Amino acid sequence: MKFALFGFPKTGKTTLFNLLTGAEYEVGFHQKKKEELHLRTCSIPDERLDKLAELFPDKEKKPATVDFIDLAGFQPGEIKTSSYLAQLRLVDGLAHVVRGFKAEEIPHIFPEINPRHDISRMEEELILADLLSIEKRLTKLAKELRGKSSPLGIREKEVLEKAQKHLLEGTPLREIDFPEEEEKWLRAFSFLSLKPIVQAINLDETKLDKIDHPEKFLPRRGPKQGGLAFCGKIEYEITQLAPAERGQFLREYGLQEFSIQKFLRLSFQVLNLIVFYTVGKKEVKAWTIPQNTPAPRAAGVIHTDMEKGFIRAEVIPMDILLQVGSFSKAREKGLIHLHGKDYLIQDGDVVYFRFAN
Ligand SMILES: Nc1nc2c(ncn2[C@@H]2O[C@H](COP(=O)(O)OP(=O)(O)O)[C@@H](O)[C@H]2O)c(=O)[nH]1
Ligand SMILES: [Mg+2]
(Lines give C-alpha, C1' and ligand atoms only; values in the text may rest on other atoms or scores of the structure.)
(Ligands and ions follow the chains in the order given, each with its own letter.)
Protein backbone atom coordinates (compact mmCIF):
# COMPACT_ATOMS: atom_id res chain seq x y z
CA MET A 1 0.00 0.00 0.00
CA LYS A 2 1.39 3.37 -1.00
CA PHE A 3 0.14 6.86 -0.17
CA ALA A 4 1.28 10.23 -1.51
CA LEU A 5 1.12 13.30 0.71
CA PHE A 6 0.44 16.21 -1.59
CA GLY A 7 -1.12 19.64 -1.48
CA PHE A 8 -0.61 23.34 -1.90
CA PRO A 9 2.62 24.85 -0.50
CA LYS A 10 3.13 25.34 3.27
CA THR A 11 0.25 23.26 4.47
CA GLY A 12 2.25 20.88 6.66
CA LYS A 13 2.93 18.01 4.25
CA THR A 14 6.46 17.39 5.48
CA THR A 15 5.32 17.94 9.09
CA LEU A 16 2.67 15.23 8.67
CA PHE A 17 5.11 12.97 6.81
CA ASN A 18 7.48 13.20 9.79
CA LEU A 19 4.65 12.49 12.25
CA LEU A 20 3.42 9.47 10.30
CA THR A 21 6.80 7.92 9.61
CA GLY A 22 9.04 9.07 12.46
CA ALA A 23 11.34 10.77 9.93
CA GLU A 24 12.96 14.09 10.79
CA TYR A 25 13.09 16.01 7.55
CA GLU A 26 13.43 19.75 7.82
CA VAL A 27 10.09 21.53 7.65
CA GLY A 28 9.36 24.97 6.25
CA PHE A 29 11.84 24.18 3.54
CA HIS A 30 10.99 24.34 -0.11
CA GLN A 31 11.96 21.22 -2.03
CA LYS A 32 13.76 22.87 -4.92
CA LYS A 33 13.35 20.22 -7.53
CA LYS A 34 9.80 19.15 -8.14
CA GLU A 35 10.96 15.59 -8.65
CA GLU A 36 12.50 15.51 -5.19
CA LEU A 37 10.53 13.49 -2.73
CA HIS A 38 10.78 11.82 0.64
CA LEU A 39 9.94 8.13 0.90
CA ARG A 40 9.50 6.02 4.04
CA THR A 41 8.05 2.60 4.70
CA CYS A 42 6.15 2.04 7.95
CA SER A 43 5.11 -1.21 9.57
CA ILE A 44 1.43 -1.55 10.38
CA PRO A 45 0.91 -2.50 14.05
CA ASP A 46 -1.23 -5.63 14.19
CA GLU A 47 -2.29 -7.45 17.37
CA ARG A 48 -3.52 -10.49 15.47
CA LEU A 49 -0.09 -10.86 13.86
CA ASP A 50 1.52 -10.57 17.31
CA LYS A 51 -0.63 -13.44 18.58
CA LEU A 52 0.02 -15.56 15.50
CA ALA A 53 3.76 -14.97 15.83
CA GLU A 54 3.62 -16.19 19.45
CA LEU A 55 2.58 -19.62 18.14
CA PHE A 56 5.76 -19.74 16.05
CA PRO A 57 8.53 -18.35 18.27
CA ASP A 58 11.31 -19.52 15.94
CA LYS A 59 9.94 -17.55 12.97
CA GLU A 60 10.44 -13.90 12.23
CA LYS A 61 7.39 -11.60 12.48
CA LYS A 62 6.87 -9.46 9.35
CA PRO A 63 4.06 -6.90 9.55
CA ALA A 64 2.34 -5.47 6.49
CA THR A 65 3.72 -2.10 5.48
CA VAL A 66 2.60 1.21 4.05
CA ASP A 67 4.83 3.46 1.95
CA PHE A 68 4.47 7.20 2.27
CA ILE A 69 5.86 9.74 -0.17
CA ASP A 70 6.03 13.46 0.51
CA LEU A 71 6.00 15.66 -2.56
CA ALA A 72 6.86 19.32 -3.09
CA GLY A 73 3.82 21.60 -2.88
CA PHE A 74 2.28 22.90 -6.02
CA GLN A 75 0.53 26.05 -7.09
CA PRO A 76 -3.00 25.95 -8.49
CA GLY A 77 -2.82 24.89 -12.12
CA GLU A 78 0.51 23.18 -11.67
CA ILE A 79 -0.58 19.60 -11.06
CA LYS A 80 -0.72 18.89 -14.78
CA THR A 81 3.07 19.09 -15.02
CA SER A 82 4.45 15.65 -15.55
CA SER A 83 6.68 15.25 -12.49
CA TYR A 84 3.71 15.47 -10.10
CA LEU A 85 1.45 13.43 -12.28
CA ALA A 86 3.89 10.56 -12.63
CA GLN A 87 4.34 10.33 -8.85
CA LEU A 88 0.66 10.65 -8.02
CA ARG A 89 -0.38 8.10 -10.62
CA LEU A 90 1.83 5.46 -9.00
CA VAL A 91 0.15 5.40 -5.60
CA ASP A 92 -2.85 3.48 -4.26
CA GLY A 93 -4.18 6.42 -2.28
CA LEU A 94 -3.82 10.18 -2.06
CA ALA A 95 -3.48 12.17 1.13
CA HIS A 96 -4.33 15.81 0.54
CA VAL A 97 -2.74 17.87 3.32
CA VAL A 98 -4.92 20.93 3.88
CA ARG A 99 -3.98 24.21 5.54
CA GLY A 100 -6.12 24.82 8.61
CA PHE A 101 -3.67 26.72 10.80
CA LYS A 102 -3.17 30.47 10.86
CA ALA A 103 0.32 31.90 11.00
CA GLU A 104 1.19 35.41 9.81
CA GLU A 105 4.80 34.47 9.13
CA ILE A 106 3.85 31.51 6.94
CA PRO A 107 1.82 32.97 4.08
CA HIS A 108 -0.88 30.84 2.52
CA ILE A 109 -1.43 30.94 -1.24
CA PHE A 110 -5.13 31.81 -0.82
CA PRO A 111 -6.34 34.96 1.00
CA GLU A 112 -8.20 33.02 3.68
CA ILE A 113 -7.56 29.93 5.79
CA ASN A 114 -10.49 27.88 4.60
CA PRO A 115 -10.10 24.09 4.41
CA ARG A 116 -13.39 23.58 2.58
CA HIS A 117 -12.36 25.99 -0.14
CA ASP A 118 -8.91 24.45 -0.52
CA ILE A 119 -10.31 20.90 -0.67
CA SER A 120 -12.75 21.91 -3.43
CA ARG A 121 -9.95 23.69 -5.24
CA MET A 122 -7.79 20.57 -5.10
CA GLU A 123 -10.63 18.40 -6.39
CA GLU A 124 -10.80 20.77 -9.36
CA GLU A 125 -7.09 20.25 -9.93
CA LEU A 126 -7.48 16.46 -9.95
CA ILE A 127 -10.48 16.69 -12.24
CA LEU A 128 -8.64 19.01 -14.62
CA ALA A 129 -5.65 16.67 -14.83
CA ASP A 130 -8.00 13.76 -15.64
CA LEU A 131 -9.89 15.78 -18.26
CA LEU A 132 -6.61 16.59 -19.99
CA SER A 133 -5.59 12.91 -20.06
CA ILE A 134 -8.97 11.98 -21.50
CA GLU A 135 -8.82 14.68 -24.17
CA LYS A 136 -5.38 13.52 -25.23
CA ARG A 137 -6.45 9.90 -25.43
CA LEU A 138 -9.67 10.71 -27.30
CA THR A 139 -7.77 12.73 -29.90
CA LYS A 140 -5.39 9.83 -30.45
CA LEU A 141 -8.23 7.32 -30.53
CA ALA A 142 -10.10 9.36 -33.14
CA LYS A 143 -7.05 9.08 -35.41
CA GLU A 144 -6.63 5.37 -34.72
CA LEU A 145 -10.29 4.65 -35.36
CA ARG A 146 -10.47 6.58 -38.63
CA GLY A 147 -11.57 4.21 -41.36
CA LYS A 148 -11.14 1.15 -39.12
CA SER A 149 -13.61 -0.97 -37.25
CA SER A 150 -12.27 -1.67 -33.78
CA PRO A 151 -14.86 -2.80 -31.24
CA LEU A 152 -12.33 -2.38 -28.42
CA GLY A 153 -11.42 1.12 -29.55
CA ILE A 154 -15.08 2.07 -29.75
CA ARG A 155 -15.74 0.70 -26.27
CA GLU A 156 -12.76 2.60 -24.88
CA LYS A 157 -14.10 5.80 -26.44
CA GLU A 158 -17.55 5.25 -24.91
CA VAL A 159 -16.13 4.65 -21.44
CA LEU A 160 -13.83 7.67 -21.66
CA GLU A 161 -16.68 9.90 -22.82
CA LYS A 162 -18.82 8.73 -19.93
CA ALA A 163 -16.03 9.59 -17.48
CA GLN A 164 -15.50 12.91 -19.24
CA LYS A 165 -19.15 13.83 -18.80
CA HIS A 166 -18.99 13.26 -15.03
CA LEU A 167 -15.74 15.21 -14.76
CA LEU A 168 -17.18 18.15 -16.70
CA GLU A 169 -20.02 18.21 -14.16
CA GLY A 170 -17.38 18.48 -11.43
CA THR A 171 -17.72 14.97 -10.03
CA PRO A 172 -14.53 13.11 -9.08
CA LEU A 173 -14.49 9.64 -10.69
CA ARG A 174 -14.20 7.89 -7.31
CA GLU A 175 -17.79 8.93 -6.59
CA ILE A 176 -19.21 7.20 -9.67
CA ASP A 177 -20.29 3.60 -9.38
CA PHE A 178 -18.88 2.30 -12.68
CA PRO A 179 -19.58 -1.30 -13.68
CA GLU A 180 -16.49 -3.52 -13.23
CA GLU A 181 -15.76 -3.66 -16.98
CA GLU A 182 -15.72 0.13 -17.25
CA GLU A 183 -13.73 0.55 -14.07
CA LYS A 184 -11.07 -1.75 -15.55
CA TRP A 185 -10.69 0.54 -18.56
CA LEU A 186 -10.46 3.56 -16.30
CA ARG A 187 -7.99 2.01 -13.86
CA ALA A 188 -5.55 1.55 -16.73
CA PHE A 189 -5.29 5.36 -16.96
CA SER A 190 -4.55 5.82 -13.22
CA PHE A 191 -6.90 8.78 -13.09
CA LEU A 192 -6.23 10.97 -10.07
CA SER A 193 -9.87 11.66 -9.18
CA LEU A 194 -10.52 7.91 -9.21
CA LYS A 195 -8.01 7.26 -6.44
CA PRO A 196 -9.18 6.90 -2.85
CA ILE A 197 -8.33 10.04 -0.91
CA VAL A 198 -7.77 11.12 2.68
CA GLN A 199 -8.12 14.82 3.36
CA ALA A 200 -5.79 15.61 6.26
CA ILE A 201 -6.62 18.99 7.77
CA ASN A 202 -3.81 20.61 9.70
CA LEU A 203 -5.81 22.47 12.35
CA ASP A 204 -4.86 25.56 14.25
CA GLU A 205 -3.88 24.87 17.86
CA THR A 206 -6.87 27.00 18.91
CA LYS A 207 -9.21 24.54 17.17
CA LEU A 208 -8.28 21.35 19.00
CA ASP A 209 -11.93 20.85 19.94
CA LYS A 210 -12.63 20.18 16.25
CA ILE A 211 -10.03 17.46 15.91
CA ASP A 212 -12.51 14.59 16.26
CA HIS A 213 -14.91 16.08 13.71
CA PRO A 214 -12.96 16.38 10.46
CA GLU A 215 -16.16 15.90 8.46
CA LYS A 216 -17.08 19.50 9.36
CA PHE A 217 -14.33 20.69 7.04
CA LEU A 218 -15.24 18.54 4.06
CA PRO A 219 -17.12 20.21 1.19
CA ARG A 220 -18.52 16.86 0.05
CA ARG A 221 -18.77 13.32 1.35
CA GLY A 222 -18.49 10.26 -0.79
CA PRO A 223 -17.16 6.75 -1.10
CA LYS A 224 -13.39 6.10 -1.09
CA GLN A 225 -12.91 9.36 0.76
CA GLY A 226 -12.40 10.39 4.36
CA GLY A 227 -11.24 13.27 6.53
CA LEU A 228 -8.63 13.38 9.25
CA ALA A 229 -7.87 16.37 11.43
CA PHE A 230 -4.56 16.84 13.22
CA CYS A 231 -2.52 19.64 14.70
CA GLY A 232 0.99 19.43 13.30
CA LYS A 233 2.47 21.90 15.74
CA ILE A 234 1.22 20.24 18.91
CA GLU A 235 1.82 16.70 17.76
CA TYR A 236 5.36 17.66 16.76
CA GLU A 237 5.96 19.08 20.24
CA ILE A 238 4.72 15.82 21.76
CA THR A 239 7.11 13.77 19.61
CA GLN A 240 9.98 15.78 21.07
CA LEU A 241 9.25 14.31 24.52
CA ALA A 242 10.58 11.01 25.84
CA PRO A 243 8.46 8.15 24.42
CA ALA A 244 7.14 7.22 27.88
CA GLU A 245 5.71 10.71 28.40
CA ARG A 246 4.02 11.13 25.02
CA GLY A 247 0.74 9.35 25.76
CA GLN A 248 0.16 11.42 28.88
CA PHE A 249 0.76 14.73 27.08
CA LEU A 250 -1.48 13.69 24.22
CA ARG A 251 -4.31 13.17 26.71
CA GLU A 252 -3.54 16.44 28.48
CA TYR A 253 -4.28 18.18 25.20
CA GLY A 254 -7.53 16.22 25.07
CA LEU A 255 -6.34 14.16 22.10
CA GLN A 256 -7.18 10.48 21.79
CA GLU A 257 -4.71 9.25 19.20
CA PHE A 258 -1.62 10.06 17.17
CA SER A 259 -2.15 10.87 13.49
CA ILE A 260 -0.64 7.58 12.35
CA GLN A 261 -3.31 5.59 14.22
CA LYS A 262 -6.10 7.62 12.63
CA PHE A 263 -4.44 7.55 9.24
CA LEU A 264 -4.01 3.79 9.16
CA ARG A 265 -7.63 3.17 10.16
CA LEU A 266 -8.85 5.62 7.54
CA SER A 267 -6.58 4.25 4.83
CA PHE A 268 -8.05 0.77 5.37
CA GLN A 269 -11.53 2.27 5.02
CA VAL A 270 -10.96 4.32 1.89
CA LEU A 271 -8.96 1.59 0.14
CA ASN A 272 -11.36 -1.06 1.43
CA LEU A 273 -8.52 -3.27 2.65
CA ILE A 274 -8.37 -6.49 4.62
CA VAL A 275 -5.42 -8.41 6.05
CA PHE A 276 -4.48 -12.03 5.51
CA TYR A 277 -1.59 -13.97 6.99
CA THR A 278 0.95 -16.53 5.87
CA VAL A 279 3.21 -18.79 7.92
CA GLY A 280 6.28 -19.69 5.90
CA LYS A 281 9.44 -21.63 6.72
CA LYS A 282 11.10 -18.65 8.31
CA GLU A 283 8.48 -15.91 8.59
CA VAL A 284 5.01 -15.14 9.88
CA LYS A 285 3.67 -12.40 7.64
CA ALA A 286 0.72 -10.04 7.27
CA TRP A 287 -0.45 -8.84 3.84
CA THR A 288 -2.97 -6.17 2.84
CA ILE A 289 -5.35 -6.71 -0.09
CA PRO A 290 -8.64 -5.13 -1.19
CA GLN A 291 -11.83 -6.82 -0.02
CA ASN A 292 -13.21 -9.46 -2.40
CA THR A 293 -9.82 -10.44 -3.78
CA PRO A 294 -9.89 -13.97 -5.26
CA ALA A 295 -7.30 -16.39 -3.88
CA PRO A 296 -5.01 -16.45 -6.97
CA ARG A 297 -4.73 -12.65 -7.01
CA ALA A 298 -3.93 -12.66 -3.30
CA ALA A 299 -1.22 -15.24 -4.02
CA GLY A 300 0.10 -12.84 -6.67
CA VAL A 301 0.70 -10.21 -3.98
CA ILE A 302 3.28 -12.59 -2.52
CA HIS A 303 4.78 -13.66 -5.84
CA THR A 304 3.57 -13.53 -9.45
CA ASP A 305 4.62 -17.19 -9.91
CA MET A 306 2.20 -18.19 -7.17
CA GLU A 307 -0.65 -16.51 -9.04
CA LYS A 308 0.28 -18.09 -12.40
CA GLY A 309 0.74 -21.57 -10.94
CA PHE A 310 -2.08 -21.33 -8.38
CA ILE A 311 -3.57 -24.74 -7.50
CA ARG A 312 -5.50 -24.14 -4.30
CA ALA A 313 -5.49 -22.27 -1.01
CA GLU A 314 -5.49 -23.97 2.38
CA VAL A 315 -7.29 -21.61 4.71
CA ILE A 316 -8.04 -21.33 8.40
CA PRO A 317 -9.48 -18.23 10.06
CA MET A 318 -7.01 -16.70 12.50
CA ASP A 319 -9.29 -16.90 15.58
CA ILE A 320 -9.83 -20.63 15.07
CA LEU A 321 -6.12 -21.30 14.64
CA LEU A 322 -5.39 -19.34 17.83
CA GLN A 323 -8.05 -21.37 19.69
CA VAL A 324 -6.65 -24.76 18.70
CA GLY A 325 -3.05 -23.60 18.99
CA SER A 326 -1.33 -25.33 16.08
CA PHE A 327 -1.69 -26.31 12.42
CA SER A 328 -1.40 -30.02 13.25
CA LYS A 329 -4.31 -29.90 15.71
CA ALA A 330 -6.34 -27.85 13.25
CA ARG A 331 -5.61 -30.43 10.55
CA GLU A 332 -6.61 -33.33 12.84
CA LYS A 333 -9.92 -31.64 13.55
CA GLY A 334 -10.52 -30.89 9.88
CA LEU A 335 -10.50 -27.13 10.46
CA ILE A 336 -8.27 -26.27 7.51
CA HIS A 337 -10.32 -25.82 4.37
CA LEU A 338 -9.24 -26.22 0.77
CA HIS A 339 -10.43 -23.55 -1.64
CA GLY A 340 -10.13 -23.12 -5.38
CA LYS A 341 -9.55 -20.08 -7.58
CA ASP A 342 -12.97 -18.52 -6.94
CA TYR A 343 -12.54 -18.27 -3.19
CA LEU A 344 -12.51 -14.68 -1.94
CA ILE A 345 -9.92 -14.22 0.80
CA GLN A 346 -11.50 -13.07 4.08
CA ASP A 347 -10.07 -10.70 6.66
CA GLY A 348 -8.01 -12.69 9.15
CA ASP A 349 -7.54 -15.75 6.97
CA VAL A 350 -4.31 -17.67 7.53
CA VAL A 351 -3.47 -19.01 4.08
CA TYR A 352 -1.12 -21.55 2.59
CA PHE A 353 -1.04 -21.36 -1.20
CA ARG A 354 -0.32 -24.53 -3.18
CA PHE A 355 1.10 -23.72 -6.58
CA ALA A 356 3.01 -25.35 -9.42
CA ASN A 357 6.24 -23.80 -10.66
N1 LIG B 1 1.45 27.26 13.56
C2 LIG B 1 1.59 26.10 12.95
N3 LIG B 1 2.59 25.94 12.06
C4 LIG B 1 2.72 24.75 11.42
C5 LIG B 1 1.82 23.67 11.66
N6 LIG B 1 2.19 22.64 10.87
C7 LIG B 1 3.26 23.05 10.16
N8 LIG B 1 3.60 24.33 10.49
C9 LIG B 1 4.69 25.13 9.96
O10 LIG B 1 4.42 25.43 8.61
C11 LIG B 1 5.64 25.48 7.85
C12 LIG B 1 5.52 24.57 6.66
O13 LIG B 1 5.48 23.22 7.11
P14 LIG B 1 5.90 22.02 6.18
O15 LIG B 1 5.57 20.77 6.91
O16 LIG B 1 7.30 22.18 5.68
O17 LIG B 1 4.85 22.24 5.00
P18 LIG B 1 4.89 21.75 3.48
O19 LIG B 1 5.47 22.89 2.70
O20 LIG B 1 3.47 21.53 3.16
O21 LIG B 1 5.71 20.51 3.43
C22 LIG B 1 6.75 25.07 8.81
O23 LIG B 1 7.39 26.25 9.25
C24 LIG B 1 6.01 24.40 9.93
O25 LIG B 1 6.70 24.51 11.15
C26 LIG B 1 0.76 23.88 12.63
O27 LIG B 1 -0.06 22.99 12.90
N28 LIG B 1 0.69 25.12 13.22
MG1 LIG C 1 7.38 19.91 2.29
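Table for the structure above
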{"quantity": "Hits in region 135-171 (condition: closer than 30 Å to residue 201 by Cβ and not polar (S, T, N, Q))", "calculated": "163, 166, 167, 168, 169, 170"}
{"quantity": "One residue from 232, 222 being modelled with pLDDT of 95 or more and either within 24 Å of residue 84 (Cα to Cα) or of a type in the set (Gly, Ala, Ser) (or both)", "calculated": "232"}
{"quantity": "Odd one out for residue 338, checked against (1) assigned to a helix (DSSP H, G or I); (2) of a type in the set (A, V, I, L, M, F, W, C); (3) more than 22 Å from residue 49 (Cβ to Cβ)", "calculated": "(1)"}
{"quantity": "Unique match (being under 30 Å from residue 112 (Cβ atoms) and either among the acidic types (Asp, Glu) or not assigned by TED's automatic domain parsing to the domain that holds residue 165 (or both)) among 276, 263", "calculated": "263"}
{"quantity": "Members of region 319-357 that are open to solvent by 90 Å² or more (accessible area, probe 1.4 Å) and of a type outside the set (D, E, K, R)", "calculated": "323, 337, 338, 346, 352, 357"}
{"quantity": "Test result for residue 60, open to solvent by 10 Å² or more (accessible area, probe 1.4 Å), closer than 28 Å to residue 26 by Cβ and acidic (Asp, Glu)", "calculated": "no"}
{"quantity": "Residues of region 172-181 that turn out to be assigned to a loop (DSSP other than H, G, I, E, B) and either open to solvent by 20 Å² or more (accessible area, probe 1.4 Å) or within 16 Å of ligand 1 (Cβ to nearest atom) (or both), as a count", "calculated": "3"}
{"quantity": "In region 90-104, the residues that are closer than 14 Å to residue 189 by Cα, open to solvent by 10 Å² or more (accessible area, probe 1.4 Å) and modelled with pLDDT of 95 or more", "calculated": "92"}
{"quantity": "Members of region 143-157 that are touching a residue at least 12 places away in the same chain (Cβ under 8 Å) and of a type outside the set (Asp, Glu)", "calculated": "145, 153, 155, 157"}
{"quantity": "Filter result (among the aliphatic types (A, V, I, L, M) and farther than 16 Å from residue 51 by Cα) within region 265-286", "calculated": "266, 270, 271, 273, 274"}
{"quantity": "Qualifying residue in region 37-53 (condition: within 13 Å of ligand 1 (Cβ to nearest atom), under 26 Å from residue 117 (Cβ atoms) and open to solvent by 50 Å² or more (accessible area, probe 1.4 Å))", "calculated": "no"}
{"quantity": "Number of the condition not met by residue 84 [criteria: (1) modelled with pLDDT under 95; (2) buried (at least 19 other Cβ atoms within 10 Å of the Cβ); (3) part of a loop (DSSP other than H, G, I, E, B)]", "calculated": "(3)"}
{"quantity": "Residue in region 10-32 that is open to solvent by less than 50 Å² (accessible area, probe 1.4 Å), more than 16 Å from ligand 1 (Cβ to nearest atom) and out of contact with any Pro (no Cβ under 8 Å at 6 or more places or on another chain) present", "calculated": "no"}
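Matching residues to (1) outside any helix (DSSP H, G or I); (2) without any contact (Cβ under 8 Å) to a residue 40 or more places away in the chain:
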{"residue": "133", "(1), (2)": "no, no"}
{"residue": "139", "(1), (2)": "no, yes"}
{"residue": "159", "(1), (2)": "no, yes"}
{"residue": "166", "(1), (2)": "no, yes"}
{"residue": "170", "(1), (2)": "yes, no"}
{"residue": "183", "(1), (2)": "no, yes"}
{"residue": "190", "(1), (2)": "yes, no"}
{"residue": "207", "(1), (2)": "no, no"}
{"residue": "223", "(1), (2)": "yes, no"}
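The values are calculated or read from the model by the stated rules, or taken from the named source; none is laboratory data. Treat the numbers as computed from the prediction; the structure is a model and nothing was measured. Heads up, the Cβs are rebuilt from the backbone with ideal geometry, glycines too, and the neighbour counts pull from every protein chain shown. The protein model used for the area step is the full one, side chains on, heavy atoms only, and it has no ligands, DNA or RNA in it. Shrake-Rupley method; radii C 1.70, N 1.55, O 1.52, S 1.80 Å.
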